[in-house]
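Heads up, the thing below is written out as structure tokens.
Here, each number is a calculation from the coordinates, and none is a lab measurement. Predicted, not measured: the structure shown is a model, and the values here were computed from it. Cβ sites come from the backbone with ideal geometry, for glycine too, and all protein chains shown count toward neighbours.
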Amino acid sequence: LAKTTQPISMDSYEGQEVNITCSHNNIATNDYITWYQQFPSQGPRFIIQGYKTKVTNEVASLFIPADRKSSTLSLPRVSLSDTAVYYCLGQNNDMRFGAGTRLTVKP
Amino acid sequence: DVKVTQSSRYLVKRTGEKVFLECVQDMDHENMFWYRQDPGLGLRLIYFSYDVKMKEKGDIPEGYSVSREKKERFSLILESASTNQTSMYLCASSLQLLAGSYNEQFFGPGTRLTVL
């Protein structure tokens, strides 16, 4: 199982770039790395997925080194509305979200 | 857009009551999931189903059962509610997993259940 490890919490200020790193040492060859975002009082939602190198969309960027044992979710110029819990999954059939990383953006 | 709906946003029940939480998805997804979320513990998988009438236990199935009589509907049943089942319950659905691919889960808004 590609168990993932990520920080429990992070604080940031508006306008800063936030990087959340997740380790997945046992990731399998065919597995994707997927990140979800959960706002308070809502269910999680998919935000980005990658296999290797870099993926960018309107929400975030995902950086994956060649060995794929870790990945970094990058949120550019965060705002207060980016306060949420971010979950990293490192296995295609992963149903275990864990506790995620609680990001708090301060004014 | 995929839509996953849950029957109630808030629910208050008494200890010992039988509780039904309903979840409906409108995208013909094969897989459906029930999670509970508690502060500091993240999302924990209770049960999942990959087809009609099929069910698999997750990490914390004790005290719960499920029913999937139709593809679009997945029900979570608390046979005799207890105070330690006070929690946020989240339902999700996804397409059937294909080898070498990942199918994202789509979540409902959640039901906050309080057992008194």
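Taken over the protein assembly as shown, the percentage of Cα pairs per 10 Å bin, counting from 0 up to the bin with the maximum distance, is 8, 32, 34, 20, 5, 0. For chain B, the residue among B:81, B:20, B:47 whose Cα projects farthest onto the positive side of the dipole built from Cβ charges is B:81.
Mean projection of the Cα convex hull over all viewing directions, computed for the range B:4-95: 5.5 nm². Under a Gaussian network description of chain A, with springs only between Cα atoms under 10 Å, the residue in A:76, A:40, A:65 that fluctuates furthest is A:40.
Amide H contacts for residue A:60 (H built 1.01 Å from N in the peptide plane; partners 5 or more residues away or on another chain; cut-off under 5 Å): none found.
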